[in-house]
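Read the structure below first, then the notes.
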Amino acid sequence: MLTPDDVPVAGGAAGRVEVRDLTWRPYGRREPVLRGIDLVVPAGQRLLLVGPSGSGKSTLLRALAGVLEVADSGELSGSVLLDGTEPGARAGAVGLVLQEPGAGVVSATIGRDVAFGLENTGVPRADMPDRVASALAAVHLTMPQDTPTHALSGGEQQRLALAGALALEPGLLLLDEPTAMLDPVNAASVREVVDEVTRSRGLTTVVVEHRLGPWVDFADRLVVLDSAGRVVADGPPGRVLADEGEALAAQGIWVPGVADPDPIPVPPGTFGPGRLGAHVVALDAVDLRVERSVRRLDGSTRTSVAVDAQWLQVRAGESHALIGPSGAGKSTLVLALAGLVDRQGGQVRVHPELAVEGGRDPRDWSTKDVARTLAWVPQWASSTLVASTVLDEVMTTSRALGLVESEALARCRALLGVLGLGHLEQADPRHLSGGEQRRLAMVSAVAHQPAVLLADEATVGQDRRTWAAVVGILEALRDADSAVVVTTHDDGVVDRADRVTTVSRPAQPPSPPTPRRPLVARAGPLALLAGSLLAIPAGVVSPHWRTSLAVLATQLVLMGLALAAPGRGPRPRGRAAGVAVRMVPGLVGAVSVAWSTWLLGTRDLDVVATAGLRVLVIVLPSAVLIRYVDADALGDHLAQQLRLPARPVVALAAALQRVHTFGDTWAEIARARRVRGIAATARSPRSVLDEVWALTLGMLVRSLQAAAVLAVAMDARGFATASRRTWAHAAPWGLADSLVLVLSLAPVAVALLAV
Amino acid sequence: MSTTNTPAGSPGTSTTSTATTSTPDASTGSTGTGTTTPARRGSIRASGSLFGWRTVDLLTVAFLGAAFGIAYWGWGLAYGGPADLLGKAFPPLQGITAAPWLMAGVVGGLVIRRPGAALLCEVIAALVSMLPGTQWGASTLVSGILQGAGAEIAFLLLGYGAFGLGAAALAGALSAPLEAVYEWQVYWTDWGMDYKLLYGAILTVSGAVIAGGLGWLLTRALAKAGALGAFPVGQEVRETRAV
């Protein structure tokens with residue numbers, strides 16, 4: 001048992017953690033990830049937990065939070081106690097902040113998101129505003145509480161997660177690499193806030209990090225795990241680093257003051273001569289402009305400028321670092337260079353030597369031509385895996401291009417060896433750790449020696465040893481006269497780059513003033529759903545097309561009323577156009593029904609028109625009303641009006657909140673397949689089927705992974721035991737709801753009168 | 001029954017007992033206390049109480065449903081061509097192109113293995129698919145409830161204890177009858193009873209093959225991809241391929 005008595009402790013009444021003989025083997029692993037961990041953390045201590053990739057740091061953190069088995073299953077033994085009870089005994093006693101910004105967001109607005117834990121623990125609604133406001137103030141989020149969560153930067157999202165935990169007044173705060181995915185400015189803002197709140201509240205704090213430097217001054221104590229999941233060093237940070245610094249660095253831990261490791265050399269002869277001479281411009285980007293649109297479920301789109309007026313020359317035999325804050329558009333720029341996103345302005349041209357049949361814009365090339373010349377390492381390696389063994393994964397592009405199998409195999413094996421993946425050749429790539437998958441993506445991208453490599457945050461999450469290997473491969477490829485482009489926040493990578501380009505966030509068009517709201521927007525989700533459902537009887541009972549026409553006319557009048565937006569302010573745009581777009585499937589359906597009725601042998605225009613119009617009657621109210629259903633409100637109303645069980649309803653609302661991200665996943669997988677030479681081509685129906693299956697499966701996998709992470713975040717805020725929940729927002733049935741309901745009965749009445 | 005030893009109770013309560021809390025037998029169905037014999041080879045029940053929905057169960061069913069909803073909407077745009085071709089040949093054959101819409105309930109049930117999972121998954125899929133606008137409007141939601149209820153009945157009949165290919169096929173098949181009867185009233189009002197019955201039969205068989213068979217394959221593929229680590233099906237796959 002490790003209880004160093006020379007470790008200073010800063011006050012704090014509660015928050016003593018006691019771990020005894022904790023061992024955990026997740027199913028699917030032969031060896032335990034945690035092995036006989038004994039650890040006592042006195043109340044108020046600030047502990048920094050470090051270890052090489054795969055040492056089980058995050059796993060131990062989840063065990064401390066009592067959420068180890070929320071999203072995983074395996075064999076567990078030993079105990080974890082917080083102040084003598086189980087960590088889950090009081091909801092919110094343990095606050096948890098996860099690595100990926102936004103991964104734990106449950107609501108559309110920041111105020112509602114902070115209130116989530118309070119709702120779970122049954123805090124009366126009247127007490128919520130004060131507690132939400134003070135939690136937001138503690139993390140210096142000063143914007144209005146109805147600010148959309150998606151509008152926050154990565155650093156702000158991490159501070160929001162912290163506010164959500166603080167609102168429950170935890171005794172123990174756990175932070176899982178809270179700044180790993182942030183740029184330096186955002187990372188510093190998170191560290192400052194963590195330092196401030198843990199000091200002022202005397203919180204016991206455990207921070208997991210793989211880069212110690214910025215956290216050393218913060219911590220009272222440093223605990224080091226080795227790659228087998230055992231505690232190997234423990235004590236005050238200064239002493240541990242003085243005694244063990246060199247040994248820790250050799251294990252791969254980023255120890256402050258120790259110089260960056262030298263890149264690991266790639267075996268000579270792995271790469272042959274390049275296609276261009278050194279310093280020749282391989283890729284020339286001229287005045288690029290890229291707009292990104294997010295299409296939301298209600299049919300509205302948000303458009304932002306991701307890249308604007310960007311010029312860049314990428315030269316063979318040189319490495320280029322693209323730097324700049326998160327959200328500056330670096331990732332989008334990289335996609336635009338490879339012709340993987342539509343651009344709204346400018347040009348991308350490759351060197352004539354690399355051109356395909358005279359075409360110099362990669363956007364116009366076939367998937368194989370793209371793969372031959374360009375390679376892309378995505379930030380999200382996991383969703384772009386295509387094969388079921390590591391070896392097949394890295395051989396994918398070489399095989400698609402028809403390279404000599406034996407030579408390609410030799411190259412792949414050499415590169416896998418450099419990156420420490422050689423022993424995993426036959427493993428399923430989807431079962432590797434995140435860091436391993438990123439390295440695998442690197443090998444997959446470079447094995448066929450592309451003339452241009454575009455790597456998005458290639459070194460994130462790597463320890464010293466794997467970092468040296470990744471940088472070694474980047475430099476070997478550069479030395480073979482490929483052009484290498486890396487987006488990065490990593491000073492070590494920037495220092496070694498031949499050229500550095502700073503990308504700054506383009507000016508955004510001013511957001512228009514909030515337009516007037518249509519009358520229908522005042523109705524709640526249940527009335528809107530009921531109004532849509534009432535269209536079914538209206539359609540079904542219409543006996544003849546003349547009746548249907550009268551019903552449809554009634555509906556159109558009501559639509560005009562519903563979409564009217566009286567009052568002051570700018571006129572809302574696109575109301576009727578939106579309805580028209582949402583009616584397209586309905587119109588197609590009406591024509592199709594009419595056509596099949598005709599084919600059935602009726603050949604009676606009366607019957608055909610009746611069948612077709614009936615479809616329109618059923619569909620039109622949905623096309624008008626459903627757009628105004630809000631996900632958070634739907635949850636509130638289903639639970640408070642219909643008294644449906646709280647937890648499924650909240651889960652539904654959380655899922656609806658994320659639906660618009662599914663399309664991004666789909667697009668990302670499609671890009672990865674195109675750049676690796678295996679995208680569907682119109683000539684091969686088989687390849688189209690393969691692609692549809694791969695994209696669907698990939699979208700499902702990513703959404704399920706998001707669900708698993710969200711489950712951890714939600715349970716850390718007391719959702720597991722939230723059977724008697726309170727609700728931050730009331731869900732009254734209002735006048736607008738009654739009006740929608742009554743008016744939706746009008747078409748039914750018209751239909752019935754004709755019967 | 002090996003199922004009584006299944007690890008992973010309700011979250012927040014099981015990680016901290018002072019003795020060994022889990023045993024490996026549930027995952028393999030063959031080792032363990034010696035007195036256990038697996039009731040049905042290859043199917044592990046949901047952990048803890050059958051009605052004890054964990055957070056990850058709820059979120060997974062919601063996210064699965066939402067993802068299926070998007071796919072359903074896409075199929076709604078694409079199915080017209082094939083459906084017209086089949087309809088031209090013999091109208092009740094359109095039951096074949098309707099079968100993919102039965103898949104969410106099957107997959108939800110196979111993954112979560114708790115009462116209500118199949119129904120909830122199919123209903124959420126229907127709800128999400130109607131949000132961007134479909135040719136059936138709110139009628140989609142009614143269909144979702146009826147299809148999901150059918151799949152739910154299949155898993156109920158099996159006592160929430162069997163989740164193999166046969167169970168998947170049964171769930172796919174039973175998703176069809178209630179939906180077919182509803183469609184008679186709303187979409188196929190002009191058909192005679194012979195067409196209506198044939199349509200129901202074709203939808204049932206296609207449901208078993210397309211929704212059941214493909215749904216079973218998809219569930220296995222998701223488990224192999226490591227996306228179902230918290231679920232019985234994930235254990236079944238992972239323990240046989242440990243790394």
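The values are calculated or read from the model by the stated rules, or taken from the named source; none is laboratory data. Quick caveat: nothing in here was measured; it's all calculated off a predicted structure. Cβ atoms come from the backbone with ideal geometry, glycine included; neighbour counts cover every protein chain shown. These area figures cover heavy atoms from the full protein model, side chains too; ligands, DNA and RNA do not enter into them. Shrake-Rupley method; radii C 1.70, N 1.55, O 1.52, S 1.80 Å.
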Exercise. Counting alpha carbon pairs within less than 8 Å and at least 6 residues apart, what relative contact order, in whole percent, applies to the range A:358-469?
Worked result: 41
Exercise. Which value in Å is the Kirkwood Rh of the range A:380-533 over different Cα pairs?
Worked result: 18.5
For this session: Ignore the peptide's own chain and count Cβ atoms of other chains within 10 Å of each Cβ in B:216-227; give me the average, rounded.
Result: 5
Seminar exercise, completed: Under 17 Å by backbone N from the virtual spin label 7 Å along Cα-to-Cβ at A:L753, the residues of the range A:546-572 are A:546-559
For this session: Calculate what fraction, in whole %, of the accessible area of the range B:59-185 sits on carbon and sulfur atoms when a 1.4 Å probe is rolled over the protein chains.
Result: 80
Problem set entry | Length added when fully stretched, A:V591-A:E407, from 0.36 nm per residue minus Cα-Cα | 60.5 nm
Seminar exercise, completed: Taking a probe of 1.4 Å and leaving out DNA, RNA and ligands, the range B:159-243 shows per residue an accessible area in Å² of 35
Exercise. Using a probe of 1.4 angstrom, how much of the accessible area of the range A:346-445 is carbon and sulfur, in percent?
Worked result: 45
Problem set entry | For the range A:619-624, 3J(HN,Hα) per residue [Karplus equation, 6.51 cos²θ - 1.76 cosθ + 1.60, θ = phi - 60°, Hz, x = Gly/Pro] | 8, 4, x, 4, 5, 7
Problem set entry | Solvent exposure of the range B:40-95 as accessible area per residue, Å², 1.4 Å probe | 39
For this session: Within the set of other residues whose C-beta is less than 9 Å from the C-beta of A:D498, count the net charge using Lys and Arg as +1 and Asp and Glu as -1.
Result: +3
Exercise. D for the range A:430-486, whole µm²/s, Stokes-Einstein with Kirkwood Rh over alpha-carbon pairs at 10 °C and 1.306 mPa s: what number?
Worked result: 138
Seminar exercise, completed: Of all GluC sites (Glu not before Pro) in the range A:347-394, the ones in DSSP coil with at most 15 other Cβ atoms within 10 Å are A:E357
For this session: Pop a pseudo-label 7 angstrom from the Cα along the beta-carbon direction at both A:A278 and A:R516 and give the gap in nm to one decimal.
Result: 6.9
For this session: Give the carbon-plus-sulfur fraction of the accessible surface of the range A:674-713 in %, rounded to a whole number; probe 1.4 Å, heavy atoms of protein chains only.
Result: 67
Problem set entry | Residue-span extension gain [A:A151 to A:D21] - 0.36 nm each, minus C-alpha spacing | 42.4 nm
Exercise. Separation between the A:V742 and B:V209 pseudo-spin-labels, each 7 Å from Cα along Cα→Cβ, expressed in nm?
Worked result: 5.4
Seminar exercise, completed: Here chain A gives, from Cα atoms, an Rg and Dmax in Å of 29.1, 94
For this session: Mind pulling the per residue volume of the convex hull built on the Cα atoms of the range B:44-159? Å³ is fine.
Result: 101
Seminar exercise, completed: Under a 1.4 Å probe, counting only protein heavy atoms, B:Y195 has an accessible area in Å², nearest 10, of 60
Seminar exercise, completed: With the 8 Å Cα cutoff and a minimum separation of six or more residues, the range A:302-362 has a relative contact order in percent of 23
Exercise. Once every DSSP H run of n ≥ 4 in chain A is given -39500 (n - 2.57) and the sum is divided by its residues, what mean residue ellipticity at 222 nm do you get, rounded to the nearest 500 deg cm²/dmol?
Worked result: -14000 deg cm²/dmol
For this session: For A:K368, list the lysines whose Cα falls under 19 Å from its own Cα; do not include residues on the same chain fewer than 8 positions away.
Result: none
Exercise. If you place +1 on the Cβ of every Lys and Arg and -1 on the Cβ of every Asp and Glu, how big does the dipole about the Cα centre of the protein assembly as shown come out, in debye to the nearest 20?
Worked result: 2400
Exercise. For the range A:508-555, what is the accessible area per residue in Å² when the probe is 1.4 Å?
Worked result: 45
Exercise. For the range B:100-193, with equal point scatterers placed on the C-alpha atoms only and solvent neglected, what are the log10 I(q)/I(0) values from the Debye formula at q = 0.12, 0.22, 0.25 1/Å, to two decimals?
Worked result: -0.36, -0.97, -1.15
Problem set entry | With DNA, RNA and ligands ignored, accessible area of A:T554 (1.4 Å probe; Å², nearest 10) | 40
Exercise. Summing +1 for each Lys or Arg and -1 for each Asp or Glu, what net charge is found among the other residues whose Cβ lies under 14 Å from the Cβ of A:I618?
Worked result: +1
Problem set entry | Under 15 Å, Cβ to Cβ, from A:V232 - net charge with Lys/Arg +1 and Asp/Glu -1 | -2
For this session: Could you work out the relative contact order of chain A, using alpha carbon pairs under 8 angstrom and six or more residues apart, expressed as a whole percent?
Result: 16
Exercise. What's the buried accessible area, both sides, between B and A using a 1.4 Å probe, rounded to 100 Å²?
Worked result: 6600
For this session: Return the long-range amide H neighbours of A:V232 (sequence gap of 5 or more, or a different chain), with a cut-off of under 5 Å between placed amide H atoms.
Result: A:V224, A:L225, A:D226
